[in-house]
Amino acid sequence: MSDLGDRIGERFEWMSGAELAEFQSEALRRSVAQAARSPYYGVRFADLGLKPGDVKTRDDITKLPFTTKEDLRLSYPTGMLTVPPREVVRMHTSSGTTGKPTAIFHTREDVDCWAELMARCLAMAGARSDDIFQNMSGYGLFTGGLGLHYGAERLGMWVIPAGAGNTARQILLIRDFHVTVIHATPSYAMHVAERMVQDGDNPKSLGIRIAALGAEPYTEELRLKLQDLYGFKAFNSYGLSEMNGPGVAFECPEQNGMHIWEDAYLVEIIDPDTLQPVEEGQVGELVMTTLRRAAMPILRYRTRDLTRVIPGECPCGRKHLRMARMVGRSDDMLIVRAVNVFPSQIEEVIMRNKWIGGNYVIHLTKKEALDQMTVKVEIAKAAFDGSIETVRRLRDQLQRELRDQIGFTANVDVLEPGSLPVSEGKAKRVIDERE
Ligand code: DLL
């Protein structure tokens, strides 16, 4: 019998462009009609004089209003729920740290669909039912735990729900159970590798084949560094709680952009100022509409994530559109001395340097009304020869490379390995103490 991994995507994964378009129009009509049943969209549609029947094809999406995080907060706790509470089998919340969380609800079919989408991602990367999967993500309200878990189980993998943290135990489990597929944030995967190297161990000896890495922005340079350290193939995994969580977009073996599952999400890329679509291939804000969620459809959700669609066909043959690595979030952009800087620009420079460890922090302060940026990095153990001169030379060199990239001079602190705080989930790369 063929492996479930070869069959999981049969219905949707290989649809032609025309089939996808047709399915999307039909699913959008259903989603809009369903949304209208929620107290929130009920009122919103009435205010706009909009009837679900006004949306006939996917091109009618522009007739619909955008939905923002603020709208989700205002409708907290259940203003966007469309089904009787007894039909809900699960809820999650988004990871916002300020104010009220936003709650997302799922029926049994919704959880089922999410598991299928996630399983498709893992299968696309090459995972099969005889793989052993360790989920190194926090469980609970955060979607990276149960989201990956259900997907991996759906694929029939042997799942180890290790959860976040406890690095020594993570390594022990991976080794003792011959884990071949892992899921983690890239920053935590880096921490595990560095810990092993520090202990005189080699991450390659673990024999991991595939890593699903996501939940936070990271650069191609960091991916390459991780692949080099572990010898695995790392796949970028994108998602957000509002759109279920992980399983929204994932890389295929080409590792060149993430396919968004267009049977489940209708995608727009807009200019965040004018709210108009950008030209194909241009960077803009990702806006998504759920097409296959009953308990809580969300229409035209403004993710704040900045990315672009990669034009042209993917050599893998899938027609689901490809999205480039996230540039960052519109609210992530730093303005330092009137210069726009994305943390990813700094990470790119850092990860190119073999002498630097995988952890870093960007610290912003103010000195006499002038912004100060200090980039803190750790020197890799192998690169430290005990001489202060070496450290100075490396620091000056990094400072020059950063200046070439961002256009102004940042301070650079080169620290001992293990000095910077480690995160088990999403890394906090920027500390802004300017008021
Ligand atoms: O982070 C869902 C997830 C879990 C995705 C596990 C992948 C793996 P939230 O906590 O709601 O959900 O955070 C969503 O994280 O809007 C992006 O800003 C960021 N993000 C997630 N994946 C990526 C990625 C989960 N691959 C927010 N690259 C999103 C860049 C990412 N940013």
query = How about the stretch 147-160: which of its residues are open to solvent by less than 10 Å² (accessible area, probe 1.4 Å) and within 15 Å of the ligand (Cβ to nearest atom)?
reply = 147, 148, 151, 152
ask   = Residue check, residue 265 against (1) more than 27 Å from residue 11 (Cα to Cα); (2) without any contact (Cβ under 8 Å) to a residue 40 or more places away in the chain; (3) not basic (Lys, Arg), all met but one. Which one?
value = (1)
request  = State all residues of the stretch 116-146 that are assigned to a loop (DSSP other than H, G, I, E, B), surrounded by 23 or more Cβ atoms within 10 Å (Cβ to Cβ) and hydroxyl-bearing (Ser, Thr, Tyr); if no residue qualifies, say none.
outcome  = 137
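Is one or more of the residues making up the stretch 161-168 closer than 17 Å to residue 205 by Cβ, in contact with a strand residue (DSSP E or B) (Cβ under 7 Å, 6 or more places away or on another chain), open to solvent by less than 30 Å² (accessible area, probe 1.4 Å) and among the β-branched types (Val, Ile, Thr)?
Applying the first criterion (closer than 17 Å to residue 205 by Cβ) to the stretch 161-168 yields 167-168.
Now restrict to residues that are in contact with a strand residue (DSSP E or B) (Cβ under 7 Å, 6 or more places away or on another chain): none.
So far as the stretch 161-168 goes, no, none of its residues is closer than 17 Å to residue 205 by Cβ, in contact with a strand residue (DSSP E or B) (Cβ under 7 Å, 6 or more places away or on another chain), open to solvent by less than 30 Å² (accessible area, probe 1.4 Å) and among the β-branched types (Val, Ile, Thr).
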remark   = Taking the stretch 268-291 and keeping residues under 22 Å from residue 144 (Cα atoms) and open to solvent by 20 Å² or more (accessible area, probe 1.4 Å) leaves none
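Of 26, 13, 70, 22, which residue is assigned to a loop (DSSP other than H, G, I, E, B) and among the charged types (D, E, K, R)? Break it down stepwise before answering.
On the way: 26 fails: assigned to a loop (DSSP other than H, G, I, E, B); 70 fails: assigned to a loop (DSSP other than H, G, I, E, B); 22 fails: assigned to a loop (DSSP other than H, G, I, E, B).
Criteria check complete, one pass: 13.
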task = Would you check which residues across the stretch 39-63 are part of a loop (DSSP other than H, G, I, E, B), open to solvent by 10 Å² or more (accessible area, probe 1.4 Å) and of a type outside the set (D, E, K, R) and list them?
result = 49, 50, 57
request  = Keeping to the stretch 227-249, report how many residues are away from the ligand (no atom under 16 Å from the Cβ) and either open to solvent by 40 Å² or more (accessible area, probe 1.4 Å) or not in a loop (DSSP other than H, G, I, E, B) (or both).
outcome  = 4
inquiry  = List pairs: first residue in the stretch 400-416 and in contact (Cβ under 8 Å) with a residue 40 or more places away in the chain and more than 14 Å from residue 361 (Cα to Cα), second residue among the aliphatic types (A, V, I, L, M) and exposed (fewer than 15 other Cβ atoms within 10 Å of the Cβ) anywhere in the structure, Cβ distance under 8 angstrom, at least six positions apart or on different chains.
reply    = 406/339; 407/339; 408/339
query = Is there a residue being touching a Lys or Arg at 6+ places or on another chain (Cβ under 9 Å), at pLDDT below 95, surrounded by 16 or more Cβ atoms within 10 Å (Cβ to Cβ) and within 23 Å of residue 241 (Cα to Cα) anywhere in the stretch 31-38?
reply = no
ask   = Within the stretch 199-226, restricting attention to residues that are open to solvent by 40 Å² or more (accessible area, probe 1.4 Å) and assigned to a helix (DSSP H, G or I), which residue is nearest to the ligand (Cβ to nearest atom)?
value = 220
query = Between residues in the stretch 304-318 that are open to solvent by 60 Å² or more (accessible area, probe 1.4 Å) and residues that are among the aliphatic types (A, V, I, L, M) and within 13 Å of the ligand (Cβ to nearest atom), which pairs lie under 7 Å by C-beta distance while being six or more apart or on different chains?
reply = 308/324
task = Report yes if some residue within the stretch 74-90 is modelled with pLDDT of 95 or more, more than 29 Å from residue 21 (Cα to Cα) and within 16 Å of the ligand (Cβ to nearest atom); otherwise report no.
result = yes
message = Filter the stretch 86-104 down to the residues that are open to solvent by less than 40 Å² (accessible area, probe 1.4 Å) and touching a Pro at 6+ places or on another chain (Cβ under 9 Å) and list them by number.
response = 93, 94, 103
ask   = For residue 165, all conditions in the list (1) within 16 Å of the ligand (Cβ to nearest atom); (2) assigned to a helix (DSSP H, G or I) hold save one; what is the number of the exception?
value = (2)
task = Taking residue 330 as the residue in question, decide whether it is polar (S, T, N, Q), closer than 30 Å to residue 264 by Cα and crowded, with 19+ Cβ neighbours inside 10 Å.
result = no
remark   = Those residues of the stretch 250-266 that are within 14 Å of the ligand (Cβ to nearest atom) and within 28 Å of residue 141 (Cβ to Cβ) come to a total of 7
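The values are calculated or read from the model by the stated rules, or taken from the named source; none is laboratory data. From a predicted model like this one, the values you see are computed outputs, not experimental measurements. Here Cβ is always computed from backbone atoms with ideal geometry, including for glycine, and neighbour counts include all displayed protein chains. Keep in mind that these areas ignore ligands, DNA and RNA; they rest on the heavy atoms of the full protein, side chains included. Shrake-Rupley method; radii C 1.70, N 1.55, O 1.52, S 1.80 Å.
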